[in-house]
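So the structure is just underneath, and the comments pick up after that.
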Amino acid sequence: MRHLLFIALLFLAGLSFSEALKSNASQSLPTQKLQLMTPPLTAAGSRMPRLVKLPNADVLMSWVEPRGKGHVLKFSVLHEGRWLKPGEVIEGENWFVNWADYPSVVAIDEKFWVAHWLVKQKGAKTYDYDIALAISNDAGLSWRNVGHPHQDKGVAAEHGFVTIFPDAEEAGIVWLDGRNYLKKEDKAQGLNNSKSLEKSGNFNLRYTRVHHDGTIEAEHVLDDNTCTCCWTSVATTRQGALAAWRGRTDDEIRDNRVALLRNGKWSAPKGLGSEGWRIAGCPVNGPSVAAHDNQVATAWFTAEGERPRVRLAFSMDGGEVFAKPIEIDDATPLGRVGLVWKDSRTVVVSWMTASDPVTKKSNLALRTVGIDGKIGAVTRVVEFSAGRDTGVPQIAAIDQGVVLAWTDSAPNYGLRTALVDWQRFESERFQSAGTLKPTVFTNKTEAFVAAICGRSH
């Protein structure tokens, strides 16, 4: 059915493609000249890009931009080096727009696309919001709202940090769900409250599927005790899907976990890294997982032992067993990791380096890692704000190289996209930043979390 996708691309292109690579213009960066791409035509204040691959290997980018008193969810396709004319999924008011919990548009197959965004609950607290879903059966030409993946209608709770993925020809969805969440003080006060006793007090990781006709299946709990606001990630192997997320224990250990979807059933969660990071609040730093056939790579952030670092581990059997973690950056990075496969033997991991104490800037860094354990040099790609305004930088692999996307600094925001082609990445012209120098990390874990999230479990 490739002809339908091609027709959709032509529709998105309209009469005016966006410029391709801005006359090959470049910008001086700390280590080389980066090839910036002209992003799609967007309104001022556009932010929160998300990159996913299309079945034909093009890249699909979604983002949110303001309109009137509300927002609109848009998308564009990177086709033959050009961002095509944007399409729209939905426009509305009262959306929950947050740097760490951002919408998506995902192509399940060549025709069936699924989008999600977040809507505040009327009269509720700040973090009480719902997940809204829409589907398209014509590759983004038209959209239809289909409701919510969670079936707790009217419950004031957080529902977010969604990942949508292909699941046996339908759309699988995982998300963090706070319907059973109780603060510690609420638990103590609710000992004699039967309604409170019905709740675990924890956030959950939940799963459901959406069919081509918009039917939503019953939801299932994959993990009954998770972190509250770290994004989730899913990759699809030859054997089935693998989900990764940050878990939690009652004594505040917040390490990452994985589960496997095999023949329609999820395995029990198992630890990833198992550092034993005890932290009394959410660090707002989710893992990233990517698959190549049956090989899986996953990258994550931890600050166990007051040592912030980015780590990566491989699995050669679809996620059943992961090898010993590899240290990617132990020089107090900020995290916000991304991960793609370059080929069958090498991945590229992206992350935000340590914040400069004077400029308050961070670098988006890249590093290759081979399944044989060989690690490439750290390359600083672009310098930008170390704050929340940058959002979660995105990475996707295409034949020419890696596509990057991020949000520009507040208050104006704006989308930024760039291409690092493989030849430049591997040549001497793309110089290494050298060894990252550790900086003194003086904040205790609790203070570190408060500065980022300001929310305890």
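Inside the range 103-141, can you point out the residues that are touching a Lys or Arg at 6+ places or on another chain (Cβ under 6 Å) and under 20 Å from C227 (Cβ atoms)?
If the condition is that a residue be touching a Lys or Arg at 6+ places or on another chain (Cβ under 6 Å) and under 20 Å from C227 (Cβ atoms), then S104, Y129 are the ones that fit.
When G281 is evaluated against the numbered criteria (1) modelled with pLDDT of 95 or more; (2) crowded, with 18+ Cβ neighbours inside 10 Å, which criterion, by number, is the only one it fails?
Only one criterion is unmet by G281, namely (1).
The rows are residues; the columns are (1) at negative phi; (2) surrounded by fewer than 23 Cβ atoms within 10 Å (Cβ to Cβ); (3) in a loop (DSSP other than H, G, I, E, B).
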| position | (1), (2), (3) |
| --- | --- |
| P357 | yes, yes, yes |
| S362 | yes, no, no |
| R380 | yes, yes, no |
| V392 | yes, no, yes |
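Only residues that are free of Cβ contacts under 8 Å to residues at least 40 places away in the same chain and assigned to a strand (DSSP E or B): list them for the range 55-70, please.
Across the range 55-70, the qualifying residues are E65, P66, R67, G70.
Which numbered condition in (1) touching a residue at least 40 places away in the same chain (Cβ under 8 Å); (2) part of a strand (DSSP E or B) is the only one that Q239 fails?
That leaves (2) as the condition not met.
If I ask for residues that are crowded, with 20+ Cβ neighbours inside 10 Å and either part of a strand (DSSP E or B) or touching a Phe, Trp or Tyr at 6+ places or on another chain (Cβ under 6 Å) (or both), which ones from the range 267-278 would you list?
L272
Does the range 145-162 include one or more residues that are crowded, with 16+ Cβ neighbours inside 10 Å, assigned to a loop (DSSP other than H, G, I, E, B), within 19 Å of the chain's Cα centre (by Cα) and touching a residue at least 40 places away in the same chain (Cβ under 8 Å)?
Among the residues of the range 145-162, at least one is crowded, with 16+ Cβ neighbours inside 10 Å, assigned to a loop (DSSP other than H, G, I, E, B), within 19 Å of the chain's Cα centre (by Cα) and touching a residue at least 40 places away in the same chain (Cβ under 8 Å), which makes the answer yes.
Mind counting the residues in the range 295-326 that are within 18 Å of S233 (Cα to Cα), in a strand (DSSP E or B) and touching a Ser or Thr at 6+ places or on another chain (Cβ under 9 Å)?
12
Just to verify a result, which residue in the range 76-115, among those that are of a type in the set (K, R) and assigned to a loop (DSSP other than H, G, I, E, B), is farthest from T232 (Cα to Cα)?
Step by step, filter the range 76-115, then rank; the result is K85.
Criterion first (touching a Phe, Trp or Tyr at 6+ places or on another chain (Cβ under 8 Å), in a strand (DSSP E or B), farther than 27 Å from V420 by Cβ and without any contact (Cβ under 8 Å) to a residue 60 or more places away in the chain) does A259 satisfy it?
Answer is yes for this residue.
Condition first: out of contact with any Lys or Arg (no Cβ under 8 Å at 6 or more places or on another chain), among the polar types (S, T, N, Q) and at pLDDT 95 or above. Can you find one or more residues in the range 253-264 that meet it?
no
Please indicate, with yes or no, whether at least one residue in the range 165-183 is β-branched (V, I, T), modelled with pLDDT of 95 or more and farther than 24 Å from N98 by Cα.
Within the range 165-183 (the criterion being β-branched (V, I, T), modelled with pLDDT of 95 or more and farther than 24 Å from N98 by Cα), the answer is no, since none of the residues qualifies.
The values are calculated or read from the model by the stated rules, or taken from the named source; none is laboratory data. Just so it is clear, the model here is predicted, and its values are computed rather than measured. Virtual Cβ from ideal backbone geometry, glycine too; neighbours counted across all protein chains shown.
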